[in-house]
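Please treat every number below as a calculation from the coordinates, not as lab data. Bear in mind the structure is a predicted one, so any value in this text is a computation, not a measurement. So basically every Cβ, Gly included, is an ideal-geometry build from the backbone, and we count neighbours across all protein chains shown.
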Amino acid sequence: MSTDTPHQTTTAEDWAPLLDEALRPTARPPGAWTDASFGALGGSSLQAYHLVALGERRLGRAPDLPRLLSDAPLGEVLTAARPVDARPAPPPPPGDRPLLPGQEPMLTAHLAGRDAAYRLMFSLTAPDLDSTRVAAALRALTTRHESLRTRFATEGDTFVRRVLPQWRVPLRELELPAGPGDPATRMEALLAPAAGGHLRPFEQPPWCAFVGRSAEDDDVLTLLLHHTIADGWSVGVLLREFAEFYGTPGAAAGSAPVPDSSLSRYRERAGSGRLADDLGRVAERLADAPAGRRLPGPDGAQDGPFDPEGGRLPFVLPPDVRDAVEAVARRAGVRRPVVLLAAWALVLGRRAGTEDLVLGMPTSGRFRAGQFDAVGLLTRVAPLRIRLEPGHTVADHLRATAAEHGAALRDSEAPYEDVVRHLAAHPVRGSNAPAPFAFAAHDELVPATVDLAGTPAAVTEGHCRGAVFDAILYLRRWGSEPALALEYSVGTVGPRTAAALAGALLTTLREFAQDPDAPIGPLTGLSAVERARVTASARPTPPAADGPPGLWDRFAATVERCPDAVAVTDPAAGHTLTYRQLDRAAARYAAVLRRAGVGAGDRVIVQVDRSAAEVVAVLALLRTGACYVPVPRETAADWRTEVLRVTGATVAVTSAGLRGDWPERVRPVAPWAPDPAPDDESQIAQPQPQPQPRTADSTAYVSFTSGTTGTPKGVEVPDRAVIRLATDPDLLRAADDEDPGRRRSMLRMAPLAFDASTLELFHPLLNGDRVTILPPGPAAPREIGAFLREEGVTHAWLTAGLFRLMARHEAAALGALRQVLTGGDVVSPAHVRTVMEAGPGLRVTNGYGPTENTTFTTVHHVTSAEEVGDTVPIGRPVNGTGVLVADEAGRPVPPGVDGELYATGLGLAHGYAGDAGRTAAAFVTLPWLAGERAYATGDVVRWDDTGRLLFRGRRDRQIKVRGHRVELAAIEAHLRARPGVVDAHVSAVGTDDSDETDRAVLAAVVGPPASALRELVTSLADTFPPYARPALWCLVPSLPLNHNGKVDTAALAARAQPTERFLTEARETDQAREATAGQPSASPEPAVREPTADDLVEEVAGVWRLLLGGDDFDYDEAFFDAGGDSLQLTEMRDALRKRFPGVRITSVDIYRAPTVNRLAAHIKEGLRGA
């Protein structure tokens, strides 16, 4: 190799011929080029490396490679090139050497059995491979590159590279059976599962070769290499040199540059302070970046341990997408990989729920021409931060991404491990920190084909079933059909999400090209398939149009169909009314209301206990064209005053005993009572006022709820909303599958003010079924169970809280029904399972829905105990309702991603009576729905893989305490999972308007004995930070319910105690119980003894709990499988050494004994020898 004398200075003219040579076969655009970036001239990464090599060899100058690949003006980069000595350093002799950056975590992963991601596989497919030439070429490569003669050894807690003077690579021939797919794919299927057995870094140089031969296909040569001795760049070098040696047998191998130059450069930069500068710039770029943002996994979780089992999804860019990438790259003045990176970041950000994310970007790690031909682990992973600014146009986003790409390349000499240490970025349960996602442009590293003695051989990359990142996108090759691959963690991301990511990338690239000047804020990151599903769910399917539009006319039509069927049974009052009798009673009572001044459009208070009289009042008001306003008898005076103010009601249907609840201006009307002679023809013949016409938009009732503010809100519910519920053919199952004529019997139990009463009243009355009324007043589970049996009830609706009680005490009574509907709060899977087991033919329905969308928005039916999982979904939308799950910007989110639930369709209320401001805030028009009116529920949900909605919590259950966000649902789930806890409820004490410092978390638990409470309280310290732990506690026999059947948080707050007082009283209770039981006094302090095997197991487990932040691991589960990482393993080693100073405990010992039980056994053995 010739090297000219280094120039003292260089000019742009000196570099022009080198630039032309580096850009071949691309022609440099005519005219001035110094102000353009290298990428703008069409230069690729590989051409940039070529230009650096030419500069070093011809001019003795090396331009800064990261700056050359950035958007910096090329003239500035080249004239600032530093003088270098291009002569290669002599290779060190064989022997032991320190590890290169990046090798230690790969070796630790190998010892832990988690290194599948570090097994590389590449194949050459060609006809009639010559075995002699193949063996000779492999020997030449081994002689030339010392990495191919390197194995590894342990020295105490450290690893070393051991370079052997010679090595013969294992070459095996296989008979490749005929079958589908190309030969390379079949070789992958054979070798990938067994790759770990062939690559043993601590026993021999970890690489080998196989030749597969088949009578029907071409031959295939497959190389297996461990990443510790070769990176992606190395593979390209090896394949090209293999082709040269294969084509010219006996050619001198020579000595290639050794990878130690990378270590020398690293040490030089560390000593000079330049590495610190790199790390400082990285820290500045990543300052305050959100940590731990990951994709939801296959089960919806985002916090599970990283799973190193990997999958790879290869795919191509269709011609239109390829053209779109090239067009938008030209328009924005960026390189093609930047366009892919920008789109990939947007897709990931939308799924991870963030507009600010950190990705890893593998780079070659070769910064000098002398390293370009080196084989070894020189690669670096550079973290880059992509912000998805909503106001940025596509072109702005691309240019910002290009700038960050250039900055990351500039700082890429800092090894990833150094970055992690510098940022103190501990991995999240085994994931890569701070970058769980990555992007790699490998399109120029590995050739598509090589020439084997005049025969073209196709290059194929295999996959050994591992993953390093949650998800990494590879650009494998550009051309007429660009090839990409998505490598993903099977357990952390999963194949379904991987396929959706690939589809979303294609859609986003098309959207980029459609209008580069459009803002990226509205872009959803959805795939075409996901978009179609979201659209279908958001647009409700209209119900059948047959039948009158108003509620009274619908009821009248039912009366005509079945006049003699029983409509209402009121056992407490002794009333049973047929549909004809109920119709006449409602008509006569409507006349009474008319005489009291009630007319169409009026709002009338109904303060009547559960009874036939209540049913008659409701129907009579609908007949007059009015709407009813239910008010329970126990309602507070302030609430009643607000109801009157909002509704303007002047008439109240109420009993004489409650007359004092209302001011003089409100006219009381006594509830309906049956006529003394109900069959008197003269009474029947009296003319009754005609029903007032009603439309679908007539207001049926106004239901007052408090929401999260405590101030009553009057929800105006139209007739159409109720009719859409009553006419849903799939909502309630038949009373008897064998007898279609048998009528349902619906339990009437919910307060009229609770919108579940809408289902209990109108579904039966509009379908010819029977309303069976539970006697008024509170009822215990035993009383309810007896009533269900005695009255032949077939269908019942229970609040989630009451359902729990019935499941515990009267499961058999529920099991005898045809269908139980429950909801209003989170439904317990355990209790659903209990009820299903008690009634094999039962259907349990989890019905979800806010009052503003009329009783049910979605439902999920369970027909067997085996269907019940860890949670009970809230299911799919009911008839006439649409749902949209959207992020904070109103964009629809893909399956598995949390978002707020929006409801559309016929079930929507008109709004809040007399409150236009609240109505406008809650009933919105989302831009994505193109004018469709929607109700923002405030509930956080997500779609699962099967198209069902899962309830995740209330937005208002995400509170702030002292400036920190706290998830109450997460604390609740933790407590429910603890041994002995039957139920738990976590709430916030303090309103949304209170100062964050005045807000506290309250935890109520059911079930655990007092002796277990301290352990229960302290268990939170393993998982939750101090500000998120409950400051108030109470132990209750069961969760108290309010009059609507929901957990009574006010009652819990009244009996709550601060943590220490709570624990003190529990301890005193235990002590008193022990004294009563005559417990013996404490025995003398035992003598010091040697720890037992159980003691050691618990000691080791205690260290694991501290490191892993909890006890979610089995004693026979490997540390890495439980979510640990190599940094935490080192901390474990140090902690155990302090506890057992006489026992030799090294990192290698822990790798070889990776579970609690095995590690405790190792320590036990060490204590015997100490």
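I'd like the antiparallel share, as a percent to the nearest 5, of DSSP beta bridges with both residues in the chain. Rounded to the nearest five, the antiparallel share is 70 percent. Taking label points 7 Å from Cα along the Cα-to-Cβ direction, Thr1064 and Ala287 give a separation of 4.6 nm. Between the range 1106-1170 and the range 973-989, what's the alpha-carbon centroid distance in Å? Their Cα centres are 31 Å away from one another. Annotation for the range 598-676: trypsin sites (Lys or Arg not before Pro) lying in DSSP loop with at most 12 further Cβ atoms inside 10 Å of their Cβ are Arg665.
Within the shell of other residues whose beta carbon sits under 13 angstrom from the beta carbon of Thr1155, the net charge comes to -3, with Lys and Arg scored +1 and Asp and Glu -1. Multiplying the residue separation of Asp1134 and Glu244 by 0.36 nm and removing their Cα-Cα distance gives an extension gain of 315.3 nm.
Cβ crowding within 10 Å, taken as a proxy for footprinting-reagent exposure, orders Leu577, Leu164 from fewest neighbours to most as Leu164, Leu577.
Based on DSSP H segments of at least four residues, each scored -39500 (n - 2.57), the chain has a per-residue ellipticity at 222 nm of -10500 deg cm²/dmol. Placing pseudo-labels 7 Å out from each Cα toward the beta carbon at Ala973 and Ala812 gives an inter-label distance of 3.7 nm. Summarised in one figure, the compactness ratio Rg/Rh of the chain, Cα atoms and Kirkwood Rh, is 1.06. Measuring nothing but how far apart in sequence close Cα pairs (under 8 Å, 6+ apart) lie, relative to its length, the chain scores a relative contact order of 8 percent. Note down the net charge around Gly247, summing +1 for each Lys or Arg and -1 for each Asp or Glu among other residues with Cβ under 10 Å from its Cβ. Result for the neighbourhood of Gly247: -1.
The mean sequence distance of close C-alpha pairs (under 8 Å, at least 6 residues apart), as a share of the length of the range 374-420, puts its relative contact order at 57 percent.
Between Thr34 and Glu389, residue separation times 0.36 nm minus the direct Cα-Cα distance comes to 124.7 nm.
For the range 142-234, run through the GluC sites (Glu not before Pro) and keep only the ones in DSSP coil with at most 12 other Cβ atoms within 10 Å of their Cβ. Hits after loop and neighbour filter: Glu203, Glu216.
Cβ-Cβ distance of Ala1161 and Thr1018, R₀ of 30 Å, FRET efficiency by 1/(1 + (r/R0)^6): the value works out to about 0.60. Out of all DSSP beta bridges in the range 439-525, what portion is antiparallel? Express it as a percent rounded to 5. Bridges in the range 439-525 are about 75 percent antiparallel. Placing a pseudo-label 7 Å from each Cα along the Cα-to-Cβ vector at Ala779 and Ala251 gives an inter-label distance of 9.1 nm. Of the trypsin sites (Lys or Arg not before Pro) found in the range 143-207, those in coil by DSSP whose Cβ has at most 15 other Cβ atoms within 10 Å are Arg168.
Potential lengthening of the chain between Asp870 and Arg168 amounts to 247.3 nm, from the contour at 0.36 nm per residue minus the alpha-carbon distance. The residues Phe923, Phe704, Phe512, when put in order of fewest to most other Cβ atoms within 10 Å, stand as Phe923, Phe704, Phe512.
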